[in-house]
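Trainee: Quick one: the structure is below, questions incoming.
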Amino acid sequence: MDKRQLTAFIRVFEERNITRAAQQLSLTQPALSATIKALEEELSISLFIRKSRGVDVTEDARVLYPHARRMIDDMSGLVSRFRKRQDKLPLHIGIEEDIASSFLTDLLAKTSQDASGMLLTLLPGCTGDVRLGCDNLRCEDELFFPLYEESYVLAYPVGHALGQTEELLPEELHHQTWVMAPEHESHQRFLPFYGHSADKPGAHAGNFSLALDLVEAGFGITIAPDCLVQLRCALASRPLPGYPMMRRIGICYAAQSLANPAVEQLLDSLGK
């Protein structure tokens, strides 16, 4: 029993006339009759009684009809559901490491109403049609659409003596044990805070999140983006002494990615 047989049965049942049913299905009368006969043989029942004008339906046909209608409706619903999903514009967004979840949540909230026609895929790292990342880490040929500004702060364990100091001077940091990320682009910017302690680190980390893990474990203090520190209950923070240091978070994308309508739609929804 397949969709073709059920559709033929439903049309004949509703029309009570094989000729009209065949015309509506774009079939010849013999082809329609053969389809009905195959269904009857499969179910081992009779569905229609031929008359001089049209057909009569049997009791078995009356029982089958609502089930057949439901089965056809279910099939059509499945086709529509998956076809609609396939018709969506695919958009892959890479999420760079050390981006706080609050930024991603806000980005998705801003675009959710305009994303109904997109099939959105989130991927970790430097990949995708566009990326949610830091301005300083974009590739040379990439464009940048700024969304957020975030301060760098001093991060240390709760109860650390740095939290008791009312006015913190840069020189006081030169005697601290530091967790550093020497391979990170920010390292050179932080050297004035390290002072001579830069030669005697407490530990090294590959990114801010790992540096904060080390701080929680007691390896020293570090400098990290404010939103990442706020996620850590065991850590406290305070502004860096002197002029505030910031980073910009936004959408990194190559000019050629604008050929993807979903990228253009995303940027438009963000107010490009």
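The values are calculated or read from the model by the stated rules, or taken from the named source; none is laboratory data. The model shown is predicted, which means the values in this text are computed figures rather than measured ones. Please note: Cβ atoms are built from the backbone with ideal geometry, for glycine as well, and neighbour counts cover all protein chains shown.
Trainee: From the list Glu149, Glu140, Glu166, pick out the single residue that is surrounded by fewer than 17 Cβ atoms within 10 Å (Cβ to Cβ) and touching a residue at least 40 places away in the same chain (Cβ under 8 Å).
Mentor: The unique qualifying residue is Glu149.
Trainee: Here's a follow-up. Of the residues Cys134, Cys126, which is modelled with pLDDT of 90 or more and not assigned by TED's automatic domain parsing to the domain that holds Ser237?
Mentor: Among Cys134, Cys126, only Cys134 is modelled with pLDDT of 90 or more and not assigned by TED's automatic domain parsing to the domain that holds Ser237.
Trainee: What tally of residues in the stretch 188-211 results from selecting those that are part of a helix (DSSP H, G or I), on the phi < 0 side of the Ramachandran plot and either of a type outside the set (D, E, K, R) or modelled with pLDDT of 95 or more (or both)?
Mentor: Result for the stretch 188-211: 13.
Trainee: List the number of the failed condition for Gly125; all other conditions in (1) surrounded by 12 or more Cβ atoms within 10 Å (Cβ to Cβ); (2) out of contact with any Cys (no Cβ under 8 Å at 6 or more places or on another chain); (3) of a type in the set (Gly, Ala, Ser) hold.
Mentor: (1)
Trainee: Quick one: which helices (runs of 4 or more DSSP H) sit completely within the stretch 1-92 and have at least 3 residues that are under 30 Å from Pro124 (Cα atoms)?
Mentor: Helices (runs of 4 or more DSSP H) meeting the threshold: 59-87.
Trainee: Based on what the data block shows, is Asp56 exposed (fewer than 12 other Cβ atoms within 10 Å of the Cβ) and within 38 Å of the chain's Cα centre (by Cα)?
Mentor: no
Trainee: Can you find a residue in the stretch 194-202 that is within 15 Å of Gly163 (Cβ to Cβ) and among the basic types (Lys, Arg)?
Mentor: Within the stretch 194-202, none of the residues are within 15 Å of Gly163 (Cβ to Cβ) and among the basic types (Lys, Arg).
Trainee: Any chance you could count how many residues in the stretch 212-222 are farther than 19 Å from Glu172 by Cβ and outside any loop (DSSP other than H, G, I, E, B)?
Mentor: Of the residues in that region, 4 qualify.
Trainee: Of the residues Ala255, Ala262, which is surrounded by 15 or more Cβ atoms within 10 Å (Cβ to Cβ) and of a type outside the set (Asp, Glu)?
Mentor: The conditions single out Ala262.
Trainee: Is the stretch 227-234 home to any residue that is within 24 Å of the chain's Cα centre (by Cα), in a loop (DSSP other than H, G, I, E, B) and within 27 Å of Phe144 (Cα to Cα)?
Mentor: Yes, some residue in the stretch 227-234 is within 24 Å of the chain's Cα centre (by Cα), in a loop (DSSP other than H, G, I, E, B) and within 27 Å of Phe144 (Cα to Cα).
Trainee: Starting from the stretch 3-19, take each residue that is assigned by TED's automatic domain parsing to the domain that holds Pro30 and surrounded by fewer than 20 Cβ atoms within 10 Å (Cβ to Cβ) and list its partners that are modelled with pLDDT under 90 and in a loop (DSSP other than H, G, I, E, B), counting only C-beta distances under 6 angstrom and pairs at least six apart or across chains.
Mentor: Arg16/Gly54; Asn17/Gly54
Trainee: Just checking, how many residues over the stretch 235-252 are under 18 Å from Glu96 (Cα atoms) and over 26 Å from the mean Cα position of the chain (by Cα)?
Mentor: So the count comes out to 1.
Trainee: Under 8 Å between Cβ atoms, which residue pairs at least 6 apart in sequence (or on different chains) link something in the stretch 185-202 that is surrounded by 17 or more Cβ atoms within 10 Å (Cβ to Cβ) and of a type outside the set (Val, Ile, Thr) with a partner that is at pLDDT 95 or above and part of a helix (DSSP H, G or I)?
Mentor: Qualifying pairs under 8 Å: Gly202/Leu214.
Trainee: Next up: Keeping to the stretch 129-187, report how many residues are among the aliphatic types (A, V, I, L, M), under 14 Å from Ile223 (Cβ atoms) and either in contact with a Gly (Cβ under 6 Å, 6 or more places away or on another chain) or part of a strand (DSSP E or B) (or both).
Mentor: Result for the stretch 129-187: 5.
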